[in-house]
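The values are calculated or read from the model by the stated rules, or taken from the named source; none is laboratory data. Since we're looking at a predicted model, the values are computed, not measured. A quick note on method: Cβ atoms are made from the backbone with ideal geometry, for glycine too, and the neighbour counts reach across all protein chains shown. Note: accessible area is taken over every heavy atom of the protein model, side chains too, but ligands, DNA and RNA are not part of it. Shrake-Rupley method; radii C 1.70, N 1.55, O 1.52, S 1.80 Å.
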Amino acid sequence: MKRYFGRKILIYLLTFFLAVTIDWMIPRFMPGDPVRNMLTRVSVNTNASAIQMMYDYYSHLFGLDMPLWQQYLSFWKSLFMGELGISVYLFPTPVKDVLLRAIPYDAFLLVPSILLSWYAGNKFGAFAARSKWLDNTISPLSYILTATPYMWLGILLAWFFGIVLGIFPIAGAYSFTMRPNLSWNFIGSVFHHWFLPFASLFLVGFGGWAIGMRNMIIYELEADYSHFLGALGAPKKLVRKYAFSNAVLPQITGLALQLGVIVAGALVTEVVFSYPGIGYLLLAAIQNQDYFLIQGCFLFIIIGVLLANFIIDIAYILVDPRTRRGMTGETA
Amino acid sequence: MGLQVENLTIYYQTLSGDVRALENATFSLEGGEIMGLAGESGCGKTTLGHSLIFLAPPMKYVGGRVLLDGEELPIQDMEKMNEFRFRDISIIPQYAMNALNPIRKIGRMTEELLQAKKVDFKAVLPELKRRLDLVKLPHDVLDLYPIELSGGMKQRMVMVVSTLLDPSLLIADEITSALDVASQKAVAEMLVEFRDQDCCKSAIVITHDISILYQIADSIMIMYAGQVAEKASTRTIIHSPRHPYTKLLISSLPEIGVKYSERQLTGIPGKPPLLLDPPPGCRFRDRCPIAFDKCLEVPPFVEIEKGHFVACWKEAGNA
Ligand SMILES: Nc1ncnc2c1ncn2[C@@H]1O[C@H](COP(=O)(O)OP(=O)(O)O)[C@@H](O)[C@H]1O
Ligand code: SF4
Ligand SMILES: [Mg+2]
């Protein structure tokens with residue numbers, strides 16, 4: 001048990017190290033120069049020597065005048081001290097603050113849509129597996145939903161409910177005319193803006209889970225242990241219960257993967273609905289060559305993916321005895 | 001008492017048509033009898049065994065009836081059969097190694113199964129433990145997951161579970177086939193022990209390996225290509241078989257009590273016919289050394305001596 005976790009944690013640490021290194025490299029090897037970019041955007045001064053002075057000043061401030069290996073070391077050093085640097089694009093806000101402002105929106109949008117679609121999709125899939133009528137209606141619908149490119153579905157929803165019917169806003173996290181405050185009015189506006197991006201994520205997820213669950217259950221109902229129970233006259237209820245608890249295992253892995261790509265998946269949603277989460281931020285950071293913000297966003301994604309996987313690893317040990325056996329290396 | 005099967009006919013529905021896996025099987029088993037059911041792979045042994053307890057699609061009931069202890073079994077009614085399954089008729093399936101739910105502890109699975117059948121687990125527990133002793137399994141297997149048991153242990157566990165309600169008839173499908181020779185003998189003897197201790201009244205032991213039956217079966221029934229060929233006491237089948245197929249089968253065995261492998265069976269020239277579109281009449285005709293015109297009709301299964309049944313036109317006249 002201890003050895004198993006020791007090995008796992010080592011693998012996670014290695015992965016973290018490699019991923020963060022790549023994260024550091026990507027913006028630096030992107031074409032373009034962030035400081036010059038910023039200066040051309042903000043400065044009206046055309047004096048060449050003044051610009052050069054400012055350029056040197058900012059390069060030094062961001063540590064971009066150091067040799068690459070020094071930049072790399074100081075990057076790790078500040079990371080350990082919890083420093084993510086200062087955003088170039090939103091200068092002088094620290095990257096940490098920019099991220100902390102965006103994260104609640106992601107959590108608010110993604111956690112409910114992923115968990116609810118997982119739950120509802122699995123429930124419906126299991127249901128569809130035992131009713132011909134439901135199977136004939138829900139399954140094709142689910143296939144259409146998952147086969148639809150997400151971008152397309154998002155835009156379709158935004159167009160239909162936002163523009164044709166005009167009952168939902170299609171940009172922002174709350175009304176542009178409001179300042180965040182604790183009033184019913186504001187909370188209502190937040191939910192109103194949240195609904196369409198949420199619904200689009202929910203629908204796509206739901207279709208995928210429902211199909212997966214339906215197919216898994218049908219497979220498990222044909223498994224030998226199901227037939228044995230049937231031959232011993234066990235009621236359908238028990239057979240289905242066993243099939244369900246076996247079928248749900250791969251769905252748990254699937255959930256881990258989903259939670260892992262949470263941010264990547266949301267990137268498109270947040271862009272389509274101009275929703276100010278990490279995904280939206282990442283796009284802005286890339287467009288503005290904001291090294292530190294890009295790094296910060298990716299760091300967030302990396303930690304999210306690893307954490308989700310780790311949690312699922314543990315959950316799996318709890319629900320599937322077969323992994324437990326592999327872990328201790330016992331042989332029967 | 002015992003089992004009577006009359007004209008049981010079972011097909012498999014497939015896209016290319018009906019596979020006629022069991023045709024007009026008629027035979028009976030006394031209470032307490034262990035009958036071996038033997039024949040080449042694919043001759044319909046599993047089909048016969050399964051149809052008695054779990055006639056699920058693609059299996060299709062075509063005709064015939066089954067009486068257990070004088071009562072007709074509603075074999076073609078999946079729901080009504082539930083009442084009889086486990087209590088009156090039970091099975092150790094061919095796939096016994098995978099028959100236990102992989103994610104439930106064995107004890108808990110047994111408890112849930114019994115509860116679902118409205119049997120008090122606590123009341124059965126002492127007997128369950130006694131039977132674990134009988135098959136030489138430690139009591140703590142109940143706290144293990146199936147994956148923690150070896151193949152042979154799983155099989156013995158399934159044997160205990162299937163017979164927990166003392167069924168009148170137990171069907172044991174190829175319970176020795178996946179085991180090494182030493183465990184084969186042990187499992188076969190455990191089965192006899194179960195019968196002797198009334199854990200089941202009678203049993204049908206399905207195998208493609210006749211030699212295992214010598215030690216344990218009271219009678220042997222031979223099948224060929226979906227038809228019953230011969231049934232008699234074990235002694236008679238070994239020493240004075242009458243059906244040409246049985247004769248070839250027995251003479252192809254090296255020596256009584258010595259294990260033969262499946263390959264030697266194919267020592268009989270030719271192959272069994274495909275059951276999708278079998279030839280009319282006796283299905284052994286193409287390979288039978290003494291076939292004649294009459295064999296174009298299906299031979300009746302007649303009792304030529306007390307307890308000795310043969311389906312062969314050459315023998316029909318001697319009845
Ligand atoms: N699910 C199935 N669908 C179609 N044909 C089947 C199926 N199961 C068995 N059969 C056919 O039925 C015949 C008898 O099979 P089976 O009863 O399993 O033989 P045995 O147990 O004697 O080896 C074989 O010819 C086999 O091909
Ligand atoms: S009925 Fe005819 S073909 Fe069949 S075993 Fe007897 S003699 Fe041979
Ligand atoms: Mg078989």
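Residues that are more than 21 Å from B:R85 (Cβ to Cβ) and in contact with a Gly (Cβ under 8 Å, 6 or more places away or on another chain) within the stretch B:1-20 comprise B:N7, B:T9, B:R20, listed in sequence order. Elements of the type helices (runs of 4 or more DSSP H) sitting completely within the stretch A:221-294 and holding at least 3 residues that are of a type in the set (K, R): these cover A:236-260. Inside the stretch B:52-67, residues that are within 14 Å of chain A (Cβ to nearest Cβ) and of a type outside the set (F, W, Y) make up a count of 7. Considering B:E112, B:E72, B:E23, the condition of being surrounded by fewer than 17 Cβ atoms within 10 Å (Cβ to Cβ) and out of contact with any Asp or Glu (no Cβ under 9 Å at 6 or more places or on another chain) is satisfied by B:E72 alone. Residue count for the stretch B:162-177 satisfying the condition of being within 16 Å of ligand 3 (Cβ to nearest atom) and more than 13 Å from chain A (Cβ to nearest Cβ): 4. What about A:G125, is it small (G, A, S), in contact (Cβ under 8 Å) with a residue 12 or more places away in the chain and over 26 Å from A:L201 (Cβ atoms)? No, not satisfied. Considering only residues of the stretch A:57-76 that are modelled with pLDDT of 80 or more and more than 19 Å from A:L293 (Cα to Cα), which is most open to solvent (accessible area, probe 1.4 Å)? Filtering the stretch A:57-76 for residues that are modelled with pLDDT of 80 or more and more than 19 Å from A:L293 (Cα to Cα), the one most open to solvent (accessible area, probe 1.4 Å) comes out as A:W69. Of all residues in the stretch B:115-124, those satisfying the criterion of being open to solvent by less than 90 Å² (accessible area, probe 1.4 Å) and not β-branched (V, I, T) are B:A116, B:K117, B:F121, B:A123. For the residues B:G49, B:G63, the requirement of being out of contact with any His (no Cβ under 9 Å at 6 or more places or on another chain), modelled with pLDDT of 90 or more, open to solvent by less than 50 Å² (accessible area, probe 1.4 Å) and within 16 Å of ligand 3 (Cβ to nearest atom) singles out B:G49. Every listed requirement among (1) farther than 19 Å from B:I92 by Cα; (2) β-branched (V, I, T); (3) more than 13 Å from every other protein chain (Cβ to nearest Cβ) is met by B:V135 save one, (1). Exactly one residue out of A:F17, A:F5 is open to solvent by less than 80 Å² (accessible area, probe 1.4 Å) and at pLDDT 75 or above: that is A:F5. Screening the stretch B:129-227 for helices (runs of 4 or more DSSP H) wholly inside it with 2 or more residues that are open to solvent by less than 20 Å² (accessible area, probe 1.4 Å) and at pLDDT 90 or above returns the ranges B:151-162. For the stretch A:234-259, the candidate set comprises residues that are within 7 Å of chain B (Cβ to nearest Cβ) and touching an Asp or Glu at 6+ places or on another chain (Cβ under 7 Å); within that set, the residue that is farthest from B:P93 (Cα to Cα) is A:N246.
Where residues in the stretch B:84-97 are open to solvent by 30 Å² or more (accessible area, probe 1.4 Å) and at pLDDT 90 or above, which of them is nearest to the chain's Cα centre (by Cα)? Per the stated criteria, the residue is B:D88. Please enumerate the residues belonging to the stretch A:152-193 that are of a type in the set (F, W, Y) and open to solvent by 30 Å² or more (accessible area, probe 1.4 Å). If the condition is that a residue be of a type in the set (F, W, Y) and open to solvent by 30 Å² or more (accessible area, probe 1.4 Å), then A:W152, A:W159, A:F160, A:F161, A:F168, A:Y174, A:F176, A:W184, A:F191 are the ones that fit. Residues in the stretch B:220-238 that are among the aliphatic types (A, V, I, L, M) and under 15 Å from B:E23 (Cβ atoms): B:M221, B:I222, B:M223, B:A225, B:V228, B:A229. The set of residues in the stretch B:284-311 that are open to solvent by less than 40 Å² (accessible area, probe 1.4 Å) and near ligand 2 (Cβ under 8 Å from one of its atoms) comprises B:F284, B:C288, B:C295, B:P299, B:A311. Take the conditions (1) in contact (Cβ under 8 Å) with a residue 60 or more places away in the chain; (2) more than 16 Å from ligand 3 (Cβ to nearest atom); B:H208 misses just one of them, which is (2).
Of the residues making up the stretch B:162-210, those that are more than 16 Å from ligand 1 (Cβ to nearest atom) and among the charged types (D, E, K, R) are B:D166, B:D180, B:K185, B:E189, B:E193, B:R195, B:D196, B:D198, B:K201.
Tell me, yes or no, whether the stretch B:27-42 has at least one residue that is away from chain A (no Cβ under 14 Å), of a type in the set (S, T, Y), under 28 Å from B:K306 (Cβ atoms) and away from ligand 2 (no atom under 16 Å from the Cβ). Taking every residue of the stretch B:27-42 in turn, at least one turns out to be away from chain A (no Cβ under 14 Å), of a type in the set (S, T, Y), under 28 Å from B:K306 (Cβ atoms) and away from ligand 2 (no atom under 16 Å from the Cβ). Residues in the stretch A:104-129 that are farther than 25 Å from A:Y219 by Cα, touching a helix residue (DSSP H, G or I) at 6+ places or on another chain (Cβ under 9 Å) and open to solvent by 10 Å² or more (accessible area, probe 1.4 Å): A:Y105, A:F108, A:V111, A:P112.
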